[in-house]
Amino acid sequence: MKQNADDTSIDITKKDLSNFNNGKEVVYSATTMSDEPKLNDYQSLRPNERISGNSFYLYRAALIGDLLALNAGIGLSWTSPVLPKLHGPNSPLNTSIDTFQESLITSILCIGAAFGAFLFGHLADKIGRKKTLLTVAVPMVAGMPILAFTDQVRMYYLGRFLYGLGSGGVFTVLTMYTGEITEDHNRGKFSCIQGLFVSLGVLCSFSIGSVLCVRIFCLACLLPLQIFVIFFALYAPDSPSYLVRINRLEEAEAALRNLHLLSKGQAGEAIADLQRLEEIHKESKGGVKEIFRSTGLKRAFLISAVLLILEQFSGINAVIGFMENIFRASGDGIPPQAATTLVGVIQVATVFVTSSFIDKLGRKFLLLVSAIGSAASILVLGLYFFLHKHECRLLEYFWWLPISCLLLYIVSFNLGLGPVTWTVLCEVFPDNVKSTASSMVAAICFLSSFLVTFAFPVLSELLGMAESFWLFGLCCVLGIIFIHYVVVETKGKSAIEIQKILSEK
């Protein structure tokens, strides 16, 4: 294949759309009937027009894998219930900590995640998605006992870094795995379910972490990881596209039949399609140079990277990581533990709603609504803290405003900027560059998260809480403009169709 500067993805797209099936449109004719009654309804369907049912095997593989996402959510919010305890009389540390150390304990997880994105993204192409995901659990399992039993601040840094290393693998490889075991019509839903499990992890931290001592809380966090390792090893298949790539065709056929409810003939056609795509991708081996030679891939990288930077600079990890401290600073009289638990419940409910509507309303619409709501709520929250700093007497009538703004912010964020950005990431890149591109974008995301979570308590002391929230609000406003003018709709489209759209714009 000829690889010109701006037409790599155009060449791939044209080859796939015009020559994908030797220049002919494939229609599955009902020439034979399956012995399995449930499979007879799948005859006479085009490759991308499968019936919209989801199999038990698909749910089982996705939900077991999402236990890793639950633990990643616990890691992101772990500091919210723990940091206040480090200042209390029962602190597990042998010394008090200052603002800088608080910031580093919170944010060093993101540094680990940035390294983990590259490490496990590379492993995913070498040993497969399934083995890599099992490997992802290792640093997470190692990190929590360190946090449970140490009394040294430096060991807290190590434990959080190791946990972050695994979290980076979760957001990179689990996102790829989910995209590869699903189909165009249900990919958005299952990607959002992954986000739902992240929110469940946040809720676990807010609810359980606030009532348990640090040691017991850390050890309790290991339970989902243990369940994941056992059941994922036993019951989850590797992704069909990876199995085809390493020529394990019988396993690929079994995976496709179970995951997508296909007949034997349809599974054979799907494997043939994957093999043709693999041949196309072999002609352009992928890698960093490939991403920046193609107009379509460059735009895909721009969209996914900016969306994930926006996700972080909207302030979510700062808000989640310092939630109890924010409620204490607001002085609204609501117990911080109760308020944070309520926020966690609302977050879970919102992501559940998003997973139900993402394949109906589309990605771009949800992202726009999310950015607008996040901007409005965080700007008003900043106004509250500005008036609170200046001891405005009117605030005694608006004691409910901080929790209302935070609830609206959490709802808005989880309608789009939270789960949908990762859905877009797993959709816009073809298989030959997916690991490399996803690793790069995830690393950018976590480095952005490090900057935000590290800088938030420092900025809050230097500038004030209000000014910090206004900065987040400004980023959301800029995000609204970017989403409206640059982001394309990916609902129900394959990576090749998306690349065609990106190359033509």
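The values are calculated or read from the model by the stated rules, or taken from the named source; none is laboratory data. Source: prediction; values computed, not measured. Quick reminder, even Gly has a Cβ in these numbers, built from the backbone with ideal geometry, and neighbours come from all protein chains shown. Heads up: the accessible areas ignore ligands, DNA and RNA and are worked out on the full protein's heavy atoms, side chains in. Shrake-Rupley method; radii C 1.70, N 1.55, O 1.52, S 1.80 Å.
Considering only residues in region 167-216 that are among the hydroxyl-bearing types (Ser, Thr, Tyr) and more than 15 Å from Ala72 (Cβ to Cβ), the one that is surrounded by the most Cβ atoms within 10 Å (Cβ to Cβ) turns out to be Thr182. Among all residue pairs at least 6 apart or on different chains, which show Cβ distances below 8 Å where the first residue, located in region 353-379, is closer than 15 Å to Leu417 by Cβ and the second is β-branched (Val, Ile, Thr) and not in a helix (DSSP H, G or I)? Final answer for the pair search is Arg363/Val487; Arg363/Thr490; Lys364/Val487; Lys364/Val488; Leu367/Val487. Residues in region 454-463 that are buried (at least 16 other Cβ atoms within 10 Å of the Cβ) and either free of Cβ contacts under 8 Å to residues at least 60 places away in the same chain or not aliphatic (A, V, I, L, M) (or both): Phe454, Phe456, Pro457, Leu459, Ser460. Restricting Ala114, Ala148, Ala142 to those that are more than 17 Å from the chain's Cα centre (by Cα), surrounded by 18 or more Cβ atoms within 10 Å (Cβ to Cβ) and either of a type in the set (Gly, Ala, Ser) or over 18 Å from Ser438 (Cβ atoms) (or both) reduces the list to Ala148. Of the residues making up region 102-140, those that are under 24 Å from Ile246 (Cβ atoms), part of a helix (DSSP H, G or I) and among the small types (Gly, Ala, Ser) are Gly116, Ala117, Gly121, Ala124, Ala137. Consider region 400-444. How many of its residues are open to solvent by 30 Å² or more (accessible area, probe 1.4 Å) and in contact (Cβ under 8 Å) with a residue 12 or more places away in the chain? Counting residues in region 400-444 that are open to solvent by 30 Å² or more (accessible area, probe 1.4 Å) and in contact (Cβ under 8 Å) with a residue 12 or more places away in the chain gives 10. Per the conditions (1) within 14 Å of the chain's Cα centre (by Cα); (2) under 18 Å from Ser439 (Cα atoms); (3) open to solvent by 20 Å² or more (accessible area, probe 1.4 Å); (4) aromatic (Phe, Trp, Tyr), the sole criterion not satisfied by Phe161 is (1). Could you grab me the full set of residues in region 60-76 that are open to solvent by 10 Å² or more (accessible area, probe 1.4 Å) and within 15 Å of Tyr163 (Cα to Cα)? If the condition is that a residue be open to solvent by 10 Å² or more (accessible area, probe 1.4 Å) and within 15 Å of Tyr163 (Cα to Cα), then Leu67, Leu70, Leu76 are the ones that fit. All of Ser199, Ser304, Ser205 fail the test of being under 21 Å from the mean Cα position of the chain (by Cα) and modelled with pLDDT of 90 or more, apart from Ser304.
Which of the residues spanning region 492-505 are closer than 22 Å to Ile291 by Cα and not in a helix (DSSP H, G or I)?
Lys493, Ser494, Lys505
Look at region 105-134: where a residue is closer than 16 Å to Asp238 by Cβ and a partner is of a type in the set (S, T, N, Q) and not in a helix (DSSP H, G or I), sitting 6+ places away or on another chain with Cβ atoms under 8 Å, you get Gly128/Ser239; Arg129/Ser239; Lys130/Ser239. For region 77-90, filtering for residues that are open to solvent by less than 40 Å² (accessible area, probe 1.4 Å), part of a loop (DSSP other than H, G, I, E, B) and touching a residue at least 40 places away in the same chain (Cβ under 8 Å) leaves 1.
No other residue among Gly473, Gly464, Gly492 is at positive phi, within 22 Å of the chain's Cα centre (by Cα) and not β-branched (Val, Ile, Thr) apart from Gly492.
Residues of region 91-109 that are open to solvent by 40 Å² or more (accessible area, probe 1.4 Å) and not small (Gly, Ala, Ser): Pro92, Asn94, Thr95, Asp98, Phe100, Gln101.
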